[in-house]
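Enquirer: One structure, pasted below without further comment.
The values are calculated or read from the model by the stated rules, or taken from the named source; none is laboratory data. Owing to the predicted nature of the structure, the values given are computational and were not obtained by experimental measurement. Positions of Cβ are generated from backbone atoms using ideal geometry, with glycine treated the same way; all protein chains shown enter the neighbour counts.
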Amino acid sequence: MEDIAYSVHPILVTLVGAVLGAGYFAFLRWQTQVGSVNISLLIGAIAGAAGATLLTAPLGYCMFQSDQKSEDIMVGWIAVALGLMLTLNIFSSLLWRYFRGQRLLPRGDTTPGAFRGRFGLVYALAALSPTILVLIFFVYLPMFDTLRFSTFLARFGAPRTRFICVSNFSRMLSDVDYHSNLFLSFALSFGIIIIAMSLALLIASMLNQPIRGASLYRTLLIWPYAISPIVAGSIFGLLLGTESGIVNRALDLLFGAKVPWLVSIPAAQISVVLASVWNVIGFNILFYTAGLQTIPKDLLESASIDGASAWQRFARITFPLLSPFTFFLIVTNTIYAFFDTFGLIFVLTRGGPTESTFTAMYRVYVTGILASDIGKSTAQSLILFLIVVGITIVQFRVGQRRVQYGNY
Amino acid sequence: MIGRFARKLFILAVALGALGPALAQDMIELEAWVAFSDHRYDWAVDTAERFNALQDDIHVEMVSVVDYDTIVNNYTLGREDGDYPEIVQLFDAALQFAVDSDWFSFAEEIIAGREEVLGHPVNFDDIIPVISNYYTVDGVWASVAWNTSTPIMYYNVDLLEQAGITELPQTWAEVLDACVALQPLVDDGTISACASWPFSGWFIEQWLAQQNEYMVNNENGRAARATEFNLDTDAYRAIAQFYRDLYSNGYFIFEGQDQWGPPTQNFISGKVAILMSSSAAARAVSEGAAETGFRLDTTGMVYNQDAPSGWVGNILGGATMWISNGLEPAVEDAAMAFLLFFSNTENSASWHTASGYVPVRNSSIELLQNLAPGNEILWDIPSGARVDIEADDWYAAFPNFLTASTQLGNSTVNNATRGSTYGTFQQSRPYYNGLVEDYMLNGGDLDAMIMDTNATLTELLQEYNFLFADE
């Protein structure tokens, strides 16, 4: 330890964490007025120190060494911040449960009859083990590998790897191309989610009318979701080609004009959004159709008798009662738009023209799979993971306030 | 009683289970991955079946994988998991990686000086030199040539004549002149534009070679391992400018990076007069032109008339067959025997007529020039794709198929035309192709763009070298 020179010493990093932790817990103590001040400060400092070291110590505090660039140090502080968010949340919720005299771990569902008795736990674990094993081997271990690889210069088939600390991350801080990839991901995802959800709600509302052959329409409308994004991309490729595409053929006959759908800006971006919407909309229709059937008819009828217009019935009754479905669909559509559209983009535009449809996930695919450059691509995928986790947390926070579950 | 009987039955079953594989051990099962799924895959399956019929103890199974890039990725991942084929088709861009990965046995080392393997003659000297040269690594013949191609020009002669053009364009300037002459046909709606072709990095590599320029240092990585990119050249600038001239004047229909289908369709359907594509498209384009009803003619890939070197030559493209290492000697020999059959004189000729890929053997060209009556060697599949010809000389009937062989035959073999070899080939292609795309569509400061991309690509290359190169 002594012969390594640091621009920010690990002890300082730990101290900063401890001070921030103690400060945050002091704030919570002041806010709640529950529990001992001294214990709050002590546990807060411990939680803060743990948070500051959680992601930096396993890497030997390499990002704070004096030979690292300023971007690496910045990544180091971001890692400290992420660690703090995690530990401070966990420790504070546990500590205040303790202060309030609650059980530290919330009691689960204690419905009588479920896995009780001497061997209850054993039976429960045995029943759960297939799921747990699948999760360990197919989710957690690969996830751990992803974390590990993100700090390496590594390629498939290479005889050696090289530990490069957080360079894969700090490179992204200064890479303007990557920034535009990220921005594009947000913009396209926003477009996909808004259009796919509003259109799906409209179609589902129409399907909910008593019309002949509704089940046939329903099947046909849901069907695009059964198609993989790659195939959806191929279909739209045939439709949207500049010269040979069916759409331009029709436009040419009708108006004598052709739109370079896949090779100009913003047409290519619109094409990607529309193709993705087409691909995912069946899923949304499925859930909205199911949702609409849960809405009590008498509620709508009585509103109608009271003189509510169709729009008022929709805005005041139907839409609020659908909010759990809307919330669920926003989360799943965000995940689809961020992670699943790269196959479609690969077939449709290859990220072009001039990288105008090059999303961050497509970058992960191109870097990791096409170019075998796994160190960089795992780092990029972790950034995406953090972003989607962040969005989901925000959605849950907002959702808990707005969504109305059951009890009608 | 029943218990004892059941136990005997069980022991018998176990014994048979152990014996079964031992009895079947004589059969050598080979898996071969190829990156085709169309008529070219049908040809490969057909040829493998003809090979399987020759003996009882070797069975080759063809597996179709989507495309060149995917086959490299799948093989790489398979290698990590220990599940990979004995034979795999790898394209030119994967050459350095194939060598660096240490996953393959070189053909020449398997053959080890033998004249034949399991009865299939080697006859290495028969392979056209420019082809054997490309796939020779450090003086050792590495993989077996199968599908070899080179870019050529396809012209709609009817349209050219309508525009008053009598000589087929050979240079960039002549293409631009032809486009000026064709403009009235565009204006009156006869055609959509002058030209359309796949926007592929492969053409950029070809045009650099034609101008005697290297893509990477150390003579394209042929003299020593490449360590730096070499994009800051007049030759590369000229390519970007040629595209810019074509596009900004509305002569060129751009269908997106690496889209091969739509531009070919544009040409076949008579919407453009000029197509540049792989010679491997000769079969499909010939059939398409005949169906639409226009006269087709071909020349070698157009070149930069202003290059100080003039036209030096073209690189060959396409892919070759590699044999995974670590196989039992008998399995290795079986794989080698199959590949020798796969690329023998008759099959190489048949493959050429089926696709348009260049015959890899001189004897195949001779065979096609002197066909015996009945021409049984020609690919015969039930789909009706068979070509029946009257002439003894196949090339007299199908002169467009000779254009590619002529172009490669006339090429000077040096380290520019042997093509570049370096580890990040696949990764770099979208960069140097994307730069030209960007400049073509939007213009801008070409020098700055080149400096930027050159630095990025050099960094990636050096990272690769750090992980792979011998220390």
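One line per residue, one yes/no per condition, for (1) basic (Lys, Arg); (2) farther than 24 Å from A:Asn284 by Cβ:
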site	(1), (2)
A:Leu344	no, no
A:Ser356	no, yes
A:Ala360	no, no
A:Val364	no, yes
A:Asp373	no, yes
A:Lys376	yes, yes
A:Ile383	no, yes
A:Leu386	no, yes
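Enquirer: Could you tell me which of the residues A:Ala81, A:Ala49 is surrounded by fewer than 17 Cβ atoms within 10 Å (Cβ to Cβ), part of a helix (DSSP H, G or I) and modelled with pLDDT of 90 or more? Please lay out each step first, then the result.
Expert: Details: A:Ala49 fails: surrounded by fewer than 17 Cβ atoms within 10 Å (Cβ to Cβ).
Going through A:Ala81, A:Ala49 in turn, just one is surrounded by fewer than 17 Cβ atoms within 10 Å (Cβ to Cβ), part of a helix (DSSP H, G or I) and modelled with pLDDT of 90 or more: A:Ala81.
Enquirer: Considering only the stretch B:345-378, state which residues are surrounded by fewer than 22 Cβ atoms within 10 Å (Cβ to Cβ) and either assigned to a loop (DSSP other than H, G, I, E, B) or modelled with pLDDT under 80 (or both).
Expert: B:Asn370, B:Leu371, B:Ala372, B:Pro373, B:Gly374, B:Asn375, B:Glu376, B:Ile377, B:Leu378
Enquirer: Right, another one. Does the stretch A:177-189 contain at least one residue that is under 22 Å from the mean Cα position of the chain (by Cα), modelled with pLDDT of 90 or more and either over 27 Å from B:Gln427 (Cβ atoms) or not in a helix (DSSP H, G or I) (or both)?
Expert: No: the stretch A:177-189 contains no residue that is under 22 Å from the mean Cα position of the chain (by Cα), modelled with pLDDT of 90 or more and either over 27 Å from B:Gln427 (Cβ atoms) or not in a helix (DSSP H, G or I) (or both).
Enquirer: Residue under question is A:Leu386, and the condition is that it be surrounded by fewer than 24 Cβ atoms within 10 Å (Cβ to Cβ) and more than 14 Å from chain B (Cβ to nearest Cβ); does it hold? Can you show your working first?
Expert: Values: surrounded by fewer than 24 Cβ atoms within 10 Å (Cβ to Cβ): yes; more than 14 Å from chain B (Cβ to nearest Cβ): yes.
Taking the combined requirement at face value, the residue satisfies it.
Enquirer: Where residues in the stretch A:193-226 are within 23 Å of A:Leu322 (Cα to Cα) and not in a helix (DSSP H, G or I), which of them is farthest from the other protein chains (Cβ to nearest Cβ)?
Expert: Among those that are within 23 Å of A:Leu322 (Cα to Cα) and not in a helix (DSSP H, G or I), it is A:Pro210.
Enquirer: Answer yes or no as to whether B:Tyr154 is among the hydroxyl-bearing types (Ser, Thr, Tyr) and part of a loop (DSSP other than H, G, I, E, B).
Expert: In short, no.
Enquirer: In the stretch A:1-22, how many are small (Gly, Ala, Ser) and touching a Leu at 6+ places or on another chain (Cβ under 9 Å)? Can you show your working first?
Expert: Going residue by residue through the stretch A:1-22, those that are small (Gly, Ala, Ser) are A:5, A:7, A:17-18, A:21-22.
Then drop every residue that is not touching a Leu at 6+ places or on another chain (Cβ under 9 Å), which leaves A:17, A:21-22.
Residues in the stretch A:1-22 being small (Gly, Ala, Ser) and touching a Leu at 6+ places or on another chain (Cβ under 9 Å): 3 in total.
Enquirer: If I ask for residues that are within 11 Å of A:Leu188 (Cα to Cα), aromatic (Phe, Trp, Tyr) and away from chain B (no Cβ under 11 Å), which ones from the stretch A:334-367 would you list?
Expert: Once the filter is applied, which keeps residues that are within 11 Å of A:Leu188 (Cα to Cα), aromatic (Phe, Trp, Tyr) and away from chain B (no Cβ under 11 Å), the stretch A:334-367 yields only A:Phe338.
Here is a yes/no grid of residues against (1) within 22 Å of B:Glu61 (Cβ to Cβ); (2) within 12 Å of chain A (Cβ to nearest Cβ); (3) outside any loop (DSSP other than H, G, I, E, B):
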| residue | (1), (2), (3) |
| --- | --- |
| B:Val72 | yes, yes, yes |
| B:Thr76 | yes, yes, yes |
| B:Arg79 | yes, yes, yes |
| B:Asp83 | yes, no, no |
| B:Gln89 | yes, no, yes |
| B:Gln96 | no, yes, yes |
| B:Val99 | no, yes, yes |
| B:Glu109 | no, no, yes |
| B:Arg114 | no, no, no |
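Enquirer: Also, quick follow-up: Does B:Ala319 satisfy the condition of being assigned to a helix (DSSP H, G or I) and buried (at least 20 other Cβ atoms within 10 Å of the Cβ)? Walk me through how you get there before you give the answer.
Expert: Numbers: assigned to a helix (DSSP H, G or I): no; buried (at least 20 other Cβ atoms within 10 Å of the Cβ): yes.
No: the conditions fail for B:Ala319.
Enquirer: So, in the stretch A:163-176, exactly how many residues are out of contact with any Lys or Arg (no Cβ under 9 Å at 6 or more places or on another chain), within 13 Å of chain B (Cβ to nearest Cβ) and either modelled with pLDDT of 90 or more or surrounded by 22 or more Cβ atoms within 10 Å (Cβ to Cβ) (or both)?
Expert: Residues in the stretch A:163-176 being out of contact with any Lys or Arg (no Cβ under 9 Å at 6 or more places or on another chain), within 13 Å of chain B (Cβ to nearest Cβ) and either modelled with pLDDT of 90 or more or surrounded by 22 or more Cβ atoms within 10 Å (Cβ to Cβ) (or both): 2 in total.
Enquirer: Tell me which residues, restricted to the stretch A:339-367, are farther than 21 Å from B:Ser200 by Cα and surrounded by fewer than 24 Cβ atoms within 10 Å (Cβ to Cβ).
Expert: Matches in the stretch A:339-367: A:Phe339, A:Asp340, A:Met361, A:Val364.
Enquirer: Shifting gears a bit: Looking at (1) at negative phi; (2) away from chain A (no Cβ under 14 Å); (3) at pLDDT 95 or above, which is the only condition B:Trp141 fails?
Expert: Failing condition for B:Trp141: (3).
Enquirer: Output the number of the condition that A:Leu55 fails; it satisfies all remaining conditions of (1) surrounded by 15 or more Cβ atoms within 10 Å (Cβ to Cβ); (2) more than 27 Å from the chain's Cα centre (by Cα); (3) under 25 Å from A:Ser150 (Cβ atoms).
Expert: The single condition A:Leu55 does not satisfy is (2).
Enquirer: Here is a follow-up. Any residue at all in the stretch B:267-290 that's away from chain A (no Cβ under 14 Å), on the phi > 0 side of the Ramachandran plot and without any contact (Cβ under 8 Å) to a residue 24 or more places away in the chain?
Expert: Of all residues in the stretch B:267-290, those away from chain A (no Cβ under 14 Å) come to B:276-287, B:289-290.
Then drop every residue that is not on the phi > 0 side of the Ramachandran plot, which leaves none.
Within the stretch B:267-290, none of the residues are away from chain A (no Cβ under 14 Å), on the phi > 0 side of the Ramachandran plot and without any contact (Cβ under 8 Å) to a residue 24 or more places away in the chain.
Enquirer: Now, a different point. Please work out which one of (1) crowded, with 21+ Cβ neighbours inside 10 Å; (2) outside any loop (DSSP other than H, G, I, E, B); (3) away from chain A (no Cβ under 13 Å) is the condition B:Asp46 fails and give its number.
Expert: Only one criterion is unmet by B:Asp46, namely (1).
Enquirer: Something else now. Determine the pairs where a residue that is assigned by TED's automatic domain parsing to the domain that holds A:Phe186, located within the stretch A:334-362, has a partner that is of a type in the set (Lys, Arg) and not in a helix (DSSP H, G or I) with Cβ atoms under 9 Å apart, the partner being 6 or more residues away or on another chain.
Expert: Pairs that qualify, where the first residue is assigned by TED's automatic domain parsing to the domain that holds A:Phe186 and the partner is of a type in the set (Lys, Arg) and not in a helix (DSSP H, G or I), are A:Thr357/A:Arg350; A:Phe358/A:Arg350; A:Tyr362/A:Arg350.
Enquirer: Within the stretch B:52-65, can one find any residue that is part of a helix (DSSP H, G or I), among the hydrophobic types (A, V, I, L, M, F, W, C) and either assigned by TED's automatic domain parsing to the domain that holds B:Thr345 or in contact (Cβ under 8 Å) with a residue 24 or more places away in the chain (or both)?
Expert: Quick first cut of the stretch B:52-65, residues part of a helix (DSSP H, G or I) only: B:52-54.
Next cut, among the hydrophobic types (A, V, I, L, M, F, W, C) only: B:53-54.
Now drop any that are not either assigned by TED's automatic domain parsing to the domain that holds B:Thr345 or in contact (Cβ under 8 Å) with a residue 24 or more places away in the chain (or both), which leaves B:53-54.
Yes, the conditions are met somewhere in the stretch B:52-65.
Enquirer: Suppose we filter A:Phe119, A:Phe138, A:Phe156 for residues that are of a type in the set (Phe, Trp, Tyr) and at pLDDT 90 or above; which single one remains? Let's see the steps before the verdict.
Expert: On the way: A:Phe119 fails: at pLDDT 90 or above; A:Phe156 fails: at pLDDT 90 or above.
When all the criteria are applied, what remains is A:Phe138.
Enquirer: Looking only at residues in the stretch B:99-122 that are under 26 Å from the mean Cα position of the chain (by Cα) and small (Gly, Ala, Ser), which one is surrounded by the most Cβ atoms within 10 Å (Cβ to Cβ)?
Expert: Here the answer is B:Ala107.
Each row is one residue, and each column tells you yes or no for (1) touching a His at 6+ places or on another chain (Cβ under 7 Å); (2) within 14 Å of chain A (Cβ to nearest Cβ); (3) buried (at least 19 other Cβ atoms within 10 Å of the Cβ); (4) of a type in the set (Asp, Glu).
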| residue | (1), (2), (3), (4) |
| --- | --- |
| B:Glu213 | no, no, yes, yes |
| B:Ala224 | no, no, no, no |
| B:Ala235 | no, no, yes, no |
| B:Gly256 | no, yes, yes, no |
| B:Thr264 | no, yes, yes, no |
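Enquirer: Here's something else I'd like to know. Applying the selection to the stretch A:54-74, what residues are within 20 Å of A:Ser174 (Cα to Cα) and either hydroxyl-bearing (Ser, Thr, Tyr) or not assigned by TED's automatic domain parsing to the domain that holds A:His9 (or both)? Reasoning before the result, please.
Expert: Of the stretch A:54-74, the ones within 20 Å of A:Ser174 (Cα to Cα) are A:62-74.
Within the stretch A:54-74, A:Ser66, A:Ser70 meet the criteria.
Enquirer: Regarding the stretch B:461-470, can at least one residue be identified that is part of a helix (DSSP H, G or I), farther than 17 Å from B:Glu228 by Cα and within 13 Å of chain A (Cβ to nearest Cβ)?
Expert: Restricting attention to the stretch B:461-470, the residues satisfying the condition of being part of a helix (DSSP H, G or I) are B:461-468.
Right, trim to farther than 17 Å from B:Glu228 by Cα and you get none.
No; the residues of the stretch B:461-470 include none that is part of a helix (DSSP H, G or I), farther than 17 Å from B:Glu228 by Cα and within 13 Å of chain A (Cβ to nearest Cβ).
Enquirer: Search the stretch B:391-435 for residues being part of a helix (DSSP H, G or I) and hydroxyl-bearing (Ser, Thr, Tyr), and hand back the single one that is surrounded by the most Cβ atoms within 10 Å (Cβ to Cβ). Walk me through it before giving the result.
Expert: First, pick out the residues of the stretch B:391-435 that are part of a helix (DSSP H, G or I): B:394-397, B:399-410, B:425-435.
Retained after the next criterion (residues that are hydroxyl-bearing (Ser, Thr, Tyr)): B:395, B:403, B:405-406, B:428, B:431-432.
Values: B:Tyr395: 17, B:Thr403: 23, B:Ser405: 21, B:Thr406: 17, B:Ser428: 26, B:Tyr431: 18, B:Tyr432: 23.
If we take residues in the stretch B:391-435 being part of a helix (DSSP H, G or I) and hydroxyl-bearing (Ser, Thr, Tyr), then B:Ser428 is surrounded by the most Cβ atoms within 10 Å (Cβ to Cβ).
Enquirer: Test each condition in (1) in contact (Cβ under 8 Å) with a residue 12 or more places away in the chain; (2) at negative phi; (3) not assigned by TED's automatic domain parsing to the domain that holds B:Tyr251 for B:Gly119 and report the one that comes out false.
Expert: Tallying (1) in contact (Cβ under 8 Å) with a residue 12 or more places away in the chain; (2) at negative phi; (3) not assigned by TED's automatic domain parsing to the domain that holds B:Tyr251, B:Gly119 fails exactly one: (2).
Enquirer: How many of the residues in the stretch A:222-267 are under 18 Å from B:Trp260 (Cα atoms) and aliphatic (A, V, I, L, M)?
Expert: Matching residues across the stretch A:222-267 total 9.
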